[in-house]
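I have placed the structure first, in the form of structure tokens, so that the comments after it can refer back to it.
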Amino acid sequence: MAQAGFSAIFEEDAIVLGAVGANDWSGALVKVQDGQEEVIQDSTLKDMAESYLGYSIVKATLGSQSFSVVGAPRYKHRGQVVIFGPGSNRTKWEVKQRIEGDQIGSYFGVELSSVDLDGDGETDFLLIGAPLYHKSGIGGRVSFCPLSAQGNFSCTGTLRGVEGNGLGRFGSAIAALRDLNGDGLGDVAIGAPWRTSIGGASTSTTDSPEE
């Protein structure tokens, strides 16, 4: 019932699998390397029951450092994103940071995207989907979280779809793209599958996290 493989990423020499059903649906990661398996858990928290850790996972890179960014969309019903990285001995993984959602039922962290904006091979920012976020006329929200030179994410803004689509589920899917408009910077596509008008595309605006 662990459902290992619900999500997955390739590391340089390993495969990391999300196992949302592990530990009574608290969730975990399974790292497979050289035929050996290592189970990685958020053992520092005691209230991870039914968090679904491992529902989504992406890799973030800063210099020689590599992080696994993992979604737990049912954590305390608000959702959480946990960033794992190598520990002091460079072998065992440990929790480096947590980012928590702020609305019950929003499914914050169900979808993630690590974006390299300028093509230099390093992560510039993280996008976190919360497709069930709801506010008058707004259905779904994506948090915009730049990565600092110190290796920490700070969510400084949000993206949302066209107003008037309260059931749009904006942020259900997020993909980092190549430079489509020729401005020298990478682009991003965000899905809103329940938008009422024809077609799935949504325009986005940036506002404060409180909005």
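Any read-out appearing in this document is the output of simple, stated calculations on the displayed coordinates, not a laboratory observation. Since this is a predicted model, take the numbers as computed values, not measurements. Cβ sites come from the backbone with ideal geometry, for glycine too, and all protein chains shown count toward neighbours.
Select from 128, 6, 101 the residue farthest towards the positive end of the dipole of the stretch 4-207; place +1 on Cβ of Lys and Arg, -1 on Cβ of Asp and Glu, and compute about the Cα centre.
Highest projection toward the positive end goes to 101.
Pick from 18, 109, 151: which is most flexible by mean-square fluctuation in a GNM of the chain where alpha carbon atoms under 10 Å apart are linked?
Of 18, 109, 151, the most mobile in the Gaussian network model is 151.
Considering the chain as a Gaussian network with a 10 Å cut-off on Cα pairs, which listed residue, 170, 108, 144, attains the greatest mean-square fluctuation?
Answer for the Gaussian network model of the chain: 144.
Between residue 150 and residue 24, what is the spin-label point distance in nm, taking each point 7 Å from the Cα along the Cα→C-beta axis?
That separation, rounded to one decimal, is 3.7 nm.
Which distance in nm do the two modelled labels at residue 50 and residue 36 give, with both placed 7 Å along the Cα-to-Cβ direction?
Here the modelled spin labels are 3.7 nm apart.
Treat the chain as a sphere of radius equal to its Kirkwood radius over Cα pairs and apply Stokes-Einstein at 25 °C in a medium of 0.890 mPa s; give the translational diffusion coefficient in µm²/s, rounded to a whole number. Write down the numbers at each step before the final one.
Values: Rh = 17.4 Å.
Diffusion coefficient, whole number: 141 µm²/s.
Would you mind computing, in nm to one decimal, how far apart the modelled labels at residue 136 and residue 1 are, each placed 7 Å from Cα along Cα→Cβ?
4.3
Run the count for the chain, please: Lys pairs, Cα-Cα under 14 angstrom, 8 or more apart or on different chains.
Working: 31/59; 31/92; 46/76; 59/96.
The number of close lysine pairs in the chain is 4.
Quote the charge dipole size of the stretch 4-207 about the Cα centre in Debye, to the nearest 20; the model charges only the Cβ of Lys and Arg (+1) and of Asp and Glu (-1).
Dipole size: approximately 760 debye.
For residue 181 and residue 76, compute 0.36 nm times the residue count separating them, minus their Cα-Cα distance, and round to one decimal in nm.
Working: separation 105, 0.36 × 105 = 37.80 nm, distance 4.01 nm.
Taking 0.36 nm per residue and subtracting the Cα distance, the gain is 33.8 nm.
What ranking, highest mean first, results for peptides 77-83, 27-33, 152-158 when packing means the other Cβ atoms within 10 Å averaged over each residue?
In decreasing order of mean packing, 77-83, 27-33, 152-158 become 77-83, 27-33, 152-158.
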